[in-house]
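Okay, structure first, notes after.
The values are calculated or read from the model by the stated rules, or taken from the named source; none is laboratory data. None of the values given here were measured: they were computed from a predicted structure. Every residue, glycine among them, receives a Cβ derived from its backbone with ideal geometry; neighbour counts consider all protein chains shown. With ligands, DNA and RNA removed, areas are computed over all heavy atoms of the protein, side chains included. Shrake-Rupley method; radii C 1.70, N 1.55, O 1.52, S 1.80 Å.
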Amino acid sequence: MQKKKYSPRGICVIAIFSVISLVFLGSLFKIQVIDGKEYAAAGNAISVKTVKVEGARGEILDRNGFPLVTNRQGNSIIFDYAYFPSAKENSKRNTIIKTLIELFESEGLEWIDSLPIAVQNGEFVFAEDREKDIDELRTEILELNAYATAQNCMDALIETYELEEYEPAVARKIASVRYGMRRVAFSYSSPYTFADDVPVDIVAKIKENSYFFIGVDVEVVPYREYSDGELLPHILGRVGLISAEEYAEKKEKGESYALNATIGKDGIEGAMESYLRGSTGIKTISSDADGNITTDYAVDPTQGNTVVLTISKDLQEVAKEALSTGLEALREDSMVDPAGAIIIEDVTNGEILTSYSYPGYDISNFSKDYEELSRMSNAPLWNRALMSTYSPGSTFKPCMATAALEEGVITGETYYRCTRIHTYLHHNFQCLQQHKHLTMNVVSAINESCNIFFYNVAENMDIDKINEYASIYGLGAKTGIELPEATGTLDSPEYRASLNQTWQPGFTLQNAIGNGGSMFSPVQLVNYCATIANGGTRYQPHFIKTVKSADYSETVLENGAEVVLETGFSKRTLSLVQQGMIQVGTIGYCSNAFKNLPVKAAAKTGTSQVDRVINGVKVTTNNGFLITYAPADNPQIAVCIAAEGAGSGSSLAPIAAKVYDYYFNEMGSFDAPQNENELL
């Protein structure tokens, strides 16, 4: 048989067809076998959403690595947009929300109620101190007039969310949740948190009734855990849901936050927010045509940095106990509820080792106790160490002595006799001390706290010159510490004019002994004391020692000693001032309390008068102050104690003695050598 012959053109066509077939078969094999699962999933997927997931916040440690604030795992009840009834299904949403609220309230549990409207005597009223939230509700959420009443707002909420069938109080609760969902822009990327830190038995009940609680889910999230909520409440601060104002502020700065994000509100949590905040992860949520939903992480969230404070947990405990016990012991001799502060600074670098304000509170229970705490007359929420300002009394005399010596108004050999009464421009100024010696120089005048000596000095100085030296010491101005602090006041004709008062020449004499219009905070006073102790270098007080990455592998921030000012005061001047303060601690008003200490301590006491209204009657009471440093011959730490209603500054010496006894007997050195990137 003769074989069939193909023309060259035919052969070419066959070859091309064969190649195309092979390519097609290869592609088909890759699609169906190799990439089959991926293509099948892609074919079925009807939507893919991405959700930002906040990383856990970083920890806060004391200077030796002791954990002050950490994270623990807890349960949040959230609404999952993928399953929760749609916005068109108001009835279903309302029924689920109402039943969930009833479940929580039957167990005495809190749920997140953020609506700035309350029910009082059967009427709707706006909540107090919620002006910004009220404005947002009126104009942004409900698009009503700026003058809309609480009833107008509730009417709009009831109509919008179809709540007409419910009693007013119940409608308000459901509306609060619906309002919260609106505020966070409830969606795939923004789930709504109904309740935080929910007990496992409630979680179980919700899970068991998942057929009813459609879209109500449990999310395991990190919660802040305090090793001791009463130890540093005013310093550590708290976290909470971001407010509309905070969200707008962060957005303006180019910082991205979710509408339901947790943010540091105050204290170190707020000041170090950018370091403590974890990095955001990306979670993808895919749903296919059959309604199946899968989630996966495209980017894992990571924990925030670790903030290491200058605070010593152990010293803080001792100081807290000493102050609390000491102030309570003074209660019987005082018409004022015990209140005050203690703050301790390392004189060599400005590190704050201790800061405690009394009375305090338990920050672990802040939300639960807030209403009661905010109503208490002794203001436990107020940080007296940083935010209160006081007329300093005789603790100002070392500053006055510095000014007079530096200006040549006096020398170490200048003597004045205490006559108990000093007459100036037909006005009498008193000295109430029982002096051992009636004729004194600057050293003995500091020790015996002689007003007459400093009245004589003040006659030869004007208030501007006195204030100049106070400013050099950092008094009457913010220190620049990381947390909010009071500015304080330097008395002057301009200041008095701002109060519609006329400056009187005698005001200069009153300010010379710390009983004029000048007002300083405890943190300013301790920094002033530290400057005297170290020989004239004013350091920046600070709470932050260092910031480490979460795994401690990297130092993100190293906060070393920062010199604000070299005062330039002569060694002779500071030596005389120091001698006077050393006498106070060794033979003067503090000597009995300090006599058994392992080191000599220097000090200056102070008492100032303040008018208070007690039981409806205006009475004059005393505040007591103590600034002190030790060891006297080689200073390491400075201490300031302020006590409202205390009879005298010398009554505070036993408190300082307990601190010194612990620090120099039991504590040892703070700065023991340690390896790089290692916390003790």
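Can you tell me the length gained on complete extension of the stretch Glu140 to Ser377, counting 0.36 nm per residue apart and subtracting the Cα distance? Walk me through the numbers before you get to the answer.
Numbers: separation 237, 0.36 × 237 = 85.32 nm, distance 3.69 nm.
Full-extension gain reported as 81.6 nm.
Near Ala339, the amide H atoms lying under 5 Å from its own belong to Glu644; only residues 5 or more places off or on other chains count, and H is placed 1.01 Å from N. For region 383-449, with all protein chains in place and a probe radius of 1.4 Å, 49% of the accessible heavy-atom surface sits on carbon or sulfur. At an R0 of 56 angstrom, the distance between the Cβ atoms of Ser575 and Glu219 translates into a FRET efficiency of 0.30.
Excluding the site residues themselves, the longest part of the chain lacking any GluC sites (Glu not before Pro) in a DSSP loop with at most 10 other Cβ atoms within 10 Å is 414-675.
For region 440-448, the Karplus equation 6.51 cos²θ - 1.76 cosθ + 1.60, evaluated at θ = phi - 60°, returns couplings of 9, 9, 5, 5, 6, 5, 5, 4, 8 Hz by residue, with Gly and Pro reported as x. Taking all protein chains together and a 1.4 Å probe, the residues Thr419, Thr414 rank Thr419, Thr414 from largest to smallest accessible area.
Given R₀ = 60 Å, what would the calculated FRET efficiency be for Gln151 paired with Ile614, taking r from the Cβ atoms and rounding to 0.05? Display every interim value, and only then the final one.
Numbers: r = 41 Å, r/R0 = 0.69.
Computed FRET efficiency for Gln151 and Ile614: 0.90.
Taken as Cα centroids, region 108-130 and region 324-380 sit 30 Å apart, rounded to the nearest whole angstrom.
At 0.36 nm per residue, minus the direct Cα-Cα distance, what do Asp129 and Arg72 gain on full extension? Give it in nm, one decimal, please. If you can, show how the numbers build up before the last one.
Values: separation 57, 0.36 × 57 = 20.52 nm, distance 3.18 nm.
Residue separation times 0.36 nm, minus the Cα-Cα distance, leaves 17.3 nm.
Its Kirkwood hydrodynamic radius, worked out from the mean inverse distance over all distinct Cα pairs, puts region 499-595 at 17.3 Å. State whether region 121-212 is rounded, prolate or oblate according to the following rule on the C-alpha gyration tensor (a ≥ b ≥ c being the square roots of its eigenvalues): a/c under 1.5 gives rounded; otherwise a/b larger than b/c gives prolate, and the remaining case gives oblate. It is prolate, given that a/c is not under 1.5 and a/b is the larger ratio. Calculate I(q)/I(0) for region 435-489 by the Debye formula, one identical point scatterer on each C-alpha and no solvent, and give its log10 at q = 0.14, 0.15, 0.17, 0.19 Å⁻¹ to two decimals. For region 435-489 at q = 0.14, 0.15, 0.17, 0.19 Å⁻¹, log10 I(q)/I(0) is -0.56, -0.61, -0.71, -0.79.
Model label points for Asn596 and Ala204, set 7 angstrom from Cα along the Cα-to-Cβ axis, are 5.6 nm apart.
For the chain, the extents of the C-alpha atoms along the principal axes are 144, 74, 45 Å, listed from largest to smallest. Think of the chain as having a plus end and a minus end, set by charges on the Cβ of Lys, Arg, Asp and Glu; of Gly350, Ala458, Ala329, Gly350 sits farthest toward the positive end of this dipole. Taken one residue at a time, the phi angles of region 370-384 give Karplus couplings (6.51, -1.76, 1.60, θ = phi - 60°) of 4, 4, 5, 4, 5, 9, 5, 5, 8, 6, x, 6, 7, 8, 5 Hz. Gly and Pro are set to x. Each residue of region 581-588 is assigned a 3J(HN,Hα), and the resulting list reads 5, 5, 5, 4, x, 10, 10, x Hz, derived from the Karplus form 6.51 cos²θ - 1.76 cosθ + 1.60 (θ = phi - 60°), x at Gly and Pro. Protein heavy-atom accessible surface, 1.4 Å probe, per residue over the chain: 48 Å². The residues neighbouring Ile311, those whose beta-carbon lies less than 13 Å from its own, together hold a net charge of -4 under the Lys/Arg +1, Asp/Glu -1 convention. Quick one: longest stretch of the chain between exposed loop chymotrypsin sites (Phe, Trp or Tyr not before Pro), exposed meaning at most 12 other C-beta atoms within 10 Å and loop per DSSP? Looking at the chain, 213-680 is the longest stretch - no exposed chymotrypsin sites (Phe, Trp or Tyr not before Pro) with at most 12 other Cβ atoms within 10 Å. Amide H contacts for Ile637 (H built 1.01 Å from N in the peptide plane; partners 5 or more residues away or on another chain; cut-off under 5 Å): Val347, Ala630. Compared with the dominant principal axis of the Cα atoms in the chain, helix 8-29 is inclined by about 50°. Using bins of 5 Å that start at zero, the share of Cα-Cα pairs per bin across region 389-485 amounts to 2, 12, 22, 21, 19, 11, 5, 4, 2, 0, in whole %. Around the amide H of Phe429, modelled in the peptide plane, lie the amide H atoms of His422, Thr423, Tyr424, all under 5 Å away and 5 or more residues distant in sequence or on another chain.
A DSSP coil position with no more than 10 other Cβ atoms inside 10 Å describes none of the trypsin sites (Lys or Arg not before Pro) in region 566-611.
Computed from the C-beta positions of Glu468 and Asn428 and an R0 of 35 Å, the FRET efficiency is 0.80 to the nearest 0.05. Counting protein heavy atoms only, region 67-111 has 49 percent of its accessible area on carbon and sulfur, 1.4 angstrom probe. So how tilted is helix 90-106 from the main axis of the chain? Cα-based, degrees 0 to 90, rounded to 10. Tilt of helix 90-106: around 40 degrees.
Tell me the carbon and sulfur percent of the accessible area for region 482-592, rounded to whole percent, probe radius 1.4 Å.
On the way: 2220 of 4470 Å².
Of the solvent-accessible surface of region 482-592, carbon and sulfur hold 50 percent.
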